[in-house]
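The structure is given below, and queries will be raised subsequently.
The values are calculated or read from the model by the stated rules, or taken from the named source; none is laboratory data. All values derive from a computational prediction rather than experimental measurement. All Cβ positions, glycine included, derive from the backbone under ideal geometry; neighbour counts span all protein chains shown. Calculation scope for accessible area: heavy atoms of the full protein, side chains included, ligands and nucleic acids excluded. Shrake-Rupley method; radii C 1.70, N 1.55, O 1.52, S 1.80 Å.
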Amino acid sequence: MNHKKKTIPSSLLSVMLAGWLLTGCSETVAPSPNIFQRAQGATAAPPPPSGFLGNDYSLLTPPTKGSDQQEMLRYRNANINSSIYNAVIIAPVTFWINDDSKIPAADRQILCNYFDKVLNKDLGKNFTIVNQPGPGVAKLSAALTDATSAVPVLRTISLVSPQVRVLSLIKMFTTGAYPFVGSAQGAARITDSISGQLLEAWADKRMGGASIENVDVFWWGDAKNVMDYWANGLDQRLVLLGTQQTALTAAAN
């Protein structure tokens, strides 16, 4: 039996390498298949169901070519009148984990508290946050479903040492992941606060990038950068849903 050696055209190799180098400048990046998987048209596996979204998970779809979708999976209700929403309730962030999770309970609470904080901060820039349901009020529920910590010192060395930085980019290029970085996985849904009608939902996973701004990232720093990214994205989602753009904030439900 003859075995054919897998090869990748040099032109494709150059395009992929350029793409990896560009994403390497980001604070957070989406999971990516390695070069061989990409050459075969494969994509990174999306986050598995955690139970948080329940049956809504089956509605989620990956991005289509040319879409503006940033999350690995998303659903948007096309049959809603977004202009009726002028406020939002932010439910406390929860952590949905598997029984074999190795994340200490104290760290899970730290991560949930941080996500709560950035959601209220970012969303409070553009619209009213309330703590009671009512007409024109949307409800945001978000959860963390997994997280990994960065490796201190080695994470820093991989960014500041030119030789090691190149090796880190090569590892990302060949395996789809940077060395020593942390990550976060989460999900969210936006519903009508009275009827419970689903307006939008998503599930996503991101990891730390090779931006020099990440030089001082420690333990959960990459995961927190991912939550910053999500909070900003959710802010834009609610703006698109027609929530009132004000700077008022109130206690989350």
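Determine if the range 81-104 includes at least one residue that is open to solvent by 50 Å² or more (accessible area, probe 1.4 Å), at pLDDT 90 or above and over 22 Å from Ser183 (Cβ atoms).
Taking every residue of the range 81-104 in turn, at least one turns out to be open to solvent by 50 Å² or more (accessible area, probe 1.4 Å), at pLDDT 90 or above and over 22 Å from Ser183 (Cβ atoms).
How many residues are modelled with pLDDT under 90 and surrounded by fewer than 21 Cβ atoms within 10 Å (Cβ to Cβ) if we restrict to the range 189-219?
Within the range 189-219, residues that are modelled with pLDDT under 90 and surrounded by fewer than 21 Cβ atoms within 10 Å (Cβ to Cβ) number 7.
Any residue in the range 241-252 that is at pLDDT 75 or above and either open to solvent by less than 50 Å² (accessible area, probe 1.4 Å) or part of a helix (DSSP H, G or I) (or both)?
The answer is no; no qualifying residue exists.
Ok, one more. Before we move on, is Asp56 open to solvent by less than 80 Å² (accessible area, probe 1.4 Å), farther than 17 Å from Val239 by Cβ and charged (D, E, K, R)?
Here the answer is yes, as Asp56 does meet what is asked.
State all residues of the range 27-69 that are modelled with pLDDT under 85 and over 27 Å from Lys224 (Cβ atoms); if no residue qualifies, say none.
Ile35, Phe36, Gln37, Arg38, Ala39, Gln40, Gly41, Ala42, Lys65, Gly66, Ser67
Which of the residues belonging to the range 39-92 are without any contact (Cβ under 8 Å) to a residue 40 or more places away in the chain, of a type outside the set (Gly, Ala, Ser) and not in a loop (DSSP other than H, G, I, E, B)?
Matches in the range 39-92: Asn55, Thr61.
Quick check: is even one residue across the range 71-80 at pLDDT below 90, open to solvent by 70 Å² or more (accessible area, probe 1.4 Å) and over 18 Å from Leu199 (Cα atoms)?
Checked the range 71-80: no residue is at pLDDT below 90, open to solvent by 70 Å² or more (accessible area, probe 1.4 Å) and over 18 Å from Leu199 (Cα atoms).
All but one of (1) crowded, with 16+ Cβ neighbours inside 10 Å; (2) free of Cβ contacts under 8 Å to residues at least 24 places away in the same chain; (3) not acidic (Asp, Glu) hold for Cys112; state the number of the condition that does not hold.
All conditions pass for Cys112, except number (2).
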